[in-house]
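The values are calculated or read from the model by the stated rules, or taken from the named source; none is laboratory data. The model shown is predicted, which means the values in this text are computed figures rather than measured ones. With ideal geometry, Cβ positions are generated from the backbone for all residues, glycine too; neighbour counts draw on all protein chains shown. Protein only, heavy atoms only, side chains kept; ligands, DNA and RNA dropped before computing areas. Shrake-Rupley method; radii C 1.70, N 1.55, O 1.52, S 1.80 Å.
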Amino acid sequence: MSLLSIFNISGSALTAQSLRLNVTASNLANAETVSSSIDRTYRARHPIFQALLDPMDENNPGSGVKVQAIVESKEQLRMRYEPENPLANAEGYIFMPNVNVVEEMANMISASRSYQNNVEVFNTSKQLLMQTLRMGQ
């Protein structure tokens, strides 16, 4: 693995964690929305990551990460009895997303820390490369 590939690996991780942060923010923004039907209710979304492999390098096949898909949570939606709500169905229930706010905050902290760590990897690699170039002077 060349020193320059570290920038590609770190950059792909930054992109993946940035998308994870955006999906988590969307989940938090929609956590308290209400709907009159199950079909129109927001469902929590989560990214699925996949390792990028380099078939040309048998000693170190990892070459980054990408977001394979964004999937909707299969957890059950929340129902609340509010017959006075204008969005209540005929039985008086409103439907709320299956977003767990505590879990989403933990995801946001984890994604933020991962993003910060990859920025540090990027900066440290840059400093090492610059020091290596200075050795030849």
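Residue under question is Ile38, and the condition is that it be in a strand (DSSP E or B), of a type outside the set (D, E, K, R) and loosely packed, with under 15 Cβ neighbours inside 10 Å; does it hold?
no
Among the numbered criteria (1) under 30 Å from Ser37 (Cβ atoms); (2) assigned to a helix (DSSP H, G or I); (3) touching a residue at least 12 places away in the same chain (Cβ under 8 Å), which one does Asn98 miss?
Here Asn98 meets the rest and fails (2).
Considering each of Ala88, Ala111, Ala31 in turn, give the residue that is of a type in the set (A, V, I, L, M, F, W, C) and under 15 Å from the mean Cα position of the chain (by Cα).
After ruling out the rest, the residue left standing is Ala111.
Output the residues belonging to the range 24-35 that are open to solvent by less than 40 Å² (accessible area, probe 1.4 Å) and assigned to a helix (DSSP H, G or I).
Thr24, Asn27
Among (1) within 30 Å of Leu129 (Cβ to Cβ); (2) within 18 Å of the chain's Cα centre (by Cα); (3) open to solvent by less than 50 Å² (accessible area, probe 1.4 Å), which single condition is Ile9 missing?
Status for Ile9: all satisfied but (3).
Here is a check on your reading of the model: is Val121 open to solvent by 40 Å² or more (accessible area, probe 1.4 Å), over 18 Å from Ala13 (Cβ atoms) and β-branched (Val, Ile, Thr)?
no
Determine, yes or no, whether Leu21 is out of contact with any Leu (no Cβ under 7 Å at 6 or more places or on another chain), surrounded by 12 or more Cβ atoms within 10 Å (Cβ to Cβ) and part of a helix (DSSP H, G or I).
Yes.
In the range 65-101, what residues are within 25 Å of Leu21 (Cα to Cα) and open to solvent by 70 Å² or more (accessible area, probe 1.4 Å)?
Those that are within 25 Å of Leu21 (Cα to Cα) and open to solvent by 70 Å² or more (accessible area, probe 1.4 Å): Lys66, Gln68, Ile70, Glu72, Lys74, Glu75, Gln76, Arg78, Asn100.
Could you check the range 16-37 and list, in sequence order, the residues that are touching a residue at least 40 places away in the same chain (Cβ under 8 Å) and among the polar types (S, T, N, Q)?
Listed by number, the residues that qualify are Gln17, Ser18, Thr24, Asn27, Asn30, Thr33, Ser35, Ser36, Ser37.
Which residue is most open to solvent (accessible area, probe 1.4 Å), if the candidates are limited to the range 41-54 and must be within 24 Å of Glu82 (Cβ to Cβ) and under 16 Å from the mean Cα position of the chain (by Cα)?
The extreme case among them is Arg43.
Among the residues of the range 102-113, write down those that are open to solvent by less than 70 Å² (accessible area, probe 1.4 Å) and in contact (Cβ under 8 Å) with a residue 40 or more places away in the chain.
Glu104, Asn107, Met108, Ala111, Ser112
Please state which of the following conditions Leu129 fails to meet, knowing it meets all the rest: (1) closer than 20 Å to Ser10 by Cα; (2) of a type outside the set (S, T, N, Q); (3) at pLDDT 95 or above.
(3)
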